[in-house]
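Written below as structure tokens is the structure these notes are about.
The values are calculated or read from the model by the stated rules, or taken from the named source; none is laboratory data. Remember, predicted model here, so these are calculated numbers, not experimental data. Cβ placement follows ideal geometry from the backbone for every residue including glycine, while neighbour counts extend to all protein chains displayed.
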Amino acid sequence: MILSLFIATFLALCLLAALIDFETLTIPNWLNGWMAFLFIPAAIIAAPGFETVGWHFLVAAIAFAATIALFFLGVIGGGDAKMIPAVMLWVGPVGATDFVLGMTLSGAALTILVVILRVMIPAQVTPGFGIATLKEGKGVPYGIAITIGAFMAVPASPFLTEFLSQIRSFG
């Protein structure tokens with residue numbers, strides 16, 4: 001039950017990151033830090049073994065190296081470069097494919113949608129929430145795509161399936 005609370009908190013932080021990114025085009029460092037930090041007590045409670053936890057950390061480290069390179073190339077923002085490895089820490093090597101596929105497909109759809117909305121809705125008439133996203137020349141709130149990818153990876157990740165089994169037991 002406690003593990004499910006950690007996982008639910010992680011998923012709630014992902015949703016919060018998506019909302020903040022949509023509004024401000026930034027993902028705060030504290031949010032990414034909490035996502036990554038919460039994995040440690042969750043892993044201790046789940047006790048999947050050092051090898052499994054090690055694979056999760058390795059996948060996150062590889063993701064961090066790749067996203068930092070993309071950040072320095074100007075492809076993604078700094079918050080995205082930190083959120084992706086934090087999510088990869090949770091989904092691990094088994095959920096990595098579903099996460100990357102979900103993030104990539106939803107990111108492409110999100111980019112197309114933002115471009116269309118920027119053409120159709122003038123920034124002057126945009127309500128306060130999300131105005132940064134609809135300004136011409138700004139980036140895309142990729143935290144939304146990262147969050148969608150995270151939710152798509154939950155069923156694939158053995159570490160996160162504990163949460164799904166807890167939800168099913170209520171039904």
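Taking into account only those residues within the range 66-77 that are at pLDDT below 95 and either part of a helix (DSSP H, G or I) or among the hydrophobic types (A, V, I, L, M, F, W, C) (or both), which is farthest from the chain's Cα centre (by Cα)?
Checked the range 66-77; the qualifying residue farthest from the chain's Cα centre (by Cα) is 75.
Across the range 118-149, what is the total count of residues that are at pLDDT below 75, more than 22 Å from the chain's Cα centre (by Cα) and not in a helix (DSSP H, G or I)?
6
List pairs: first residue in the range 41-67 and touching a residue at least 40 places away in the same chain (Cβ under 8 Å), second residue assigned to a helix (DSSP H, G or I) and surrounded by fewer than 19 Cβ atoms within 10 Å (Cβ to Cβ) anywhere in the structure, Cβ distance under 6 angstrom, at least six positions apart or on different chains.
The qualifying pairs are 45/2.
What tally of residues in the range 21-65 results from selecting those that are hydrophobic (A, V, I, L, M, F, W, C), in a helix (DSSP H, G or I) and closer than 18 Å to residue 4 by Cα?
So the answer is 13.
Among the residues of the range 87-98, is any closer than 17 Å to residue 14 by Cα, free of Cβ contacts under 8 Å to residues at least 60 places away in the same chain and among the charged types (D, E, K, R)?
yes
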